[in-house]
1. So what is the calculated 222 nm ellipticity per residue for the chain, using -39500 (n - 2.57) for each DSSP H run with n of 4 or more, over all residues, to the nearest 500 deg cm²/dmol?
2. I'd like to compare 388-399, 127-138, 155-166: which one has the highest average count of other Cβ atoms within 10 Å, and what's the full order after that?
3. How long is the gain from residue 173 to residue 221 if the chain were fully straight, where each residue apart is worth 0.36 nm and the alpha carbon distance is subtracted?
4. Could you list 286, 308 so that the one with the fewest beta carbons within 10 Å of its beta carbon is first and the one with the most is last?
5. Would you give the gap between the C-alpha center of the range 87-151 and the C-alpha center of the range 173-247, rounded to a whole Å?
6. Could you calculate the contour length gain from residue 89 to residue 50, that is, 0.36 nm times the residue separation minus the distance between their Cα atoms, to one decimal place in nm?
7. Once both axes come from the Cα atoms, what is the angle between helix 32-46 and the longest principal axis of the chain, in degrees from 0 to 90, rounded to 10?
8. Given the options 89, 327, 228, which has the most mean-square fluctuation in a GNM of the chain, springs set between C-alpha atoms less than 10 angstrom apart?
């Protein structure tokens, strides 16, 4: 493995272990996660403790971000000295080190009941991937699980959150914390041309520029769905009497394809739109471009089948964005009949028109407690939640045409819900 480190990466990787919690906070593509991989590998070779934990919003992310790590994660660093295994405590990477065998478990931490997965475990260390997306109960329980460690250690990474994010006051300010700030300039593999390309995109929006170029904690004034409160609008189970299940899809090959399963219920005298599951794949982010025929087969044979069996409901409609003609055609070929989604193309309401009408409706549904995310193990809301924090307006007031693949089809779903159950 031929790795070139920046000065900040070398400093972080080789520093003595003197703090309970180390935090790498900064912009995407700053090299902070790669530094974390090698920092943690050093720790694992030194610690006498056997059991350790990596936690992210879901288990898949925990594995992808730190075990695989796009080629620099633990399994690549340790190579033949490591192997993925499973025991009574769960999936883990078993690593042979000079100080003994280490078991590094990887688990999801974004749900209300995530703590159940680590109850009774005794840990030497915990890695918190994107700690601002984890449930606070899970974070606090992780610190309790390491009380008996002989070489107690915690490492967290995150993109800059809002200044009032609870993780700052309840975690960073409480623990014996060593904090390190990162920007794009700390990543040695980014060329000047690539940096300029990123700059040109981010400079169009003050919020994204401050957060993703300068690495500042900034209030998300331009974030369109800032009224979504995960403590309030993410619930562990479906509530109320079910009325209807329907699917909504928006697709692309290089951009993300997102399909949601939605269930309308009536609870405490009010109709609710419940987003219960999300199939999401981005060719741009994963580097794996799928044919639309592949998407159609996976959506039918895996996602739709799982949802209907899970909730024991037939679906009434399968909506697809009218602009995504290829996905509609491929779905028809595998036996799913589709209807064109209401994408607000012809809407006019007062001074608003088009997409703004749909945005206002969706904002109202969230504010009126008529939209909820229902926690799901297999097809969770990780991508939806990430987009919510990124989707904002440009200087001219128009919504940016990015970070909106799951949010677009969620807006279409709310259009259907609004016209059928609200007005």
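Values quoted throughout were computed directly from the atomic coordinates according to the rules given, and no laboratory measurement underlies them. Keep in mind that this is a model prediction, so the values were computed, not measured. Cβ atoms come from the backbone with ideal geometry, glycine included; neighbour counts cover every protein chain shown.
1. Result for the chain: -8000 deg cm²/dmol, rounded to the nearest 500.
2. Sorting 388-399, 127-138, 155-166 by mean packing, highest first, produces 127-138, 155-166, 388-399.
3. The residue 173-residue 221 span can extend by a further 14.8 nm.
4. With the sparsest Cβ surroundings first, the list reads 286, 308.
5. 24 Å
6. 12.7 nm
7. Between helix and principal axis, roughly 40 degrees.
8. Among 89, 327, 228, the largest mean-square fluctuation in the Gaussian network model of the chain belongs to 89.
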